[in-house]
Amino acid sequence: MPTRGIHDRDGELFCFVEGTRLYNLDGERIGELVGHTVVDMDGKRRWVVEGDALLDLRGNVIGYLGQPVREDR
C-alpha cells in the first residue's frame with residue numbers, strides 16, 4: 001500500500017498517511033482520512049486536504065502531502 005509523508009510548511013515530516021489511516025512518526029495511529037477531511041481518533045475534524053495541501057479548519061495551509069512511496073515487502 002502506498003505511503004505519503006505529511007510535511008509542515010518548513011518541509012519537516014511530522015506524520016504519514018497509509019491508505020486512509022494517519023500515523024505519527026512513532027507509527028501510532030492518530031487519525032483517518034475521510035473524503036477530504038482528516039479526523040482524529042475521536043472522530044473530530046482536524047484538517048482538510050485540498051489536492052496536496054493540508055489545511056487547518058480555517059483554510060490556512062499548514063503542510064503538504066508528499067509523493068506516494070511504495071515499499072516492496
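The values are calculated or read from the model by the stated rules, or taken from the named source; none is laboratory data. Everything numeric in this text was worked out from a predicted model, so none of it was measured. Because the Cβ atoms are built from the backbone with ideal geometry, glycine has one as well, and the counts that use them run over all protein chains shown.
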| request: Could you identify the single residue in 63, 11, 27, 59 that is small (Gly, Ala, Ser) and assigned to a strand (DSSP E or B)? | output: 63
| message | Restricting to the range 37-56, count the residues that are surrounded by 11 or more Cβ atoms within 10 Å (Cβ to Cβ), outside any strand (DSSP E or B) and acidic (Asp, Glu). | response | 2
| task | Identify all residues within the range 57-73 that are surrounded by 10 or more Cβ atoms within 10 Å (Cβ to Cβ), within 13 Å of residue 6 (Cβ to Cβ) and not hydroxyl-bearing (Ser, Thr, Tyr); write none if there are none. | result | 61, 62, 63, 65, 66, 68, 69
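Name the single residue that is surrounded by the most Cβ atoms within 10 Å (Cβ to Cβ) among those in the range 1-31 being among the basic types (Lys, Arg) and closer than 13 Å to residue 64 by Cβ.
If we take residues in the range 1-31 being among the basic types (Lys, Arg) and closer than 13 Å to residue 64 by Cβ, then 4 is surrounded by the most Cβ atoms within 10 Å (Cβ to Cβ).
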| query | Does residue 34 count as among the β-branched types (Val, Ile, Thr), surrounded by 14 or more Cβ atoms within 10 Å (Cβ to Cβ) and modelled with pLDDT of 95 or more? | reply | no
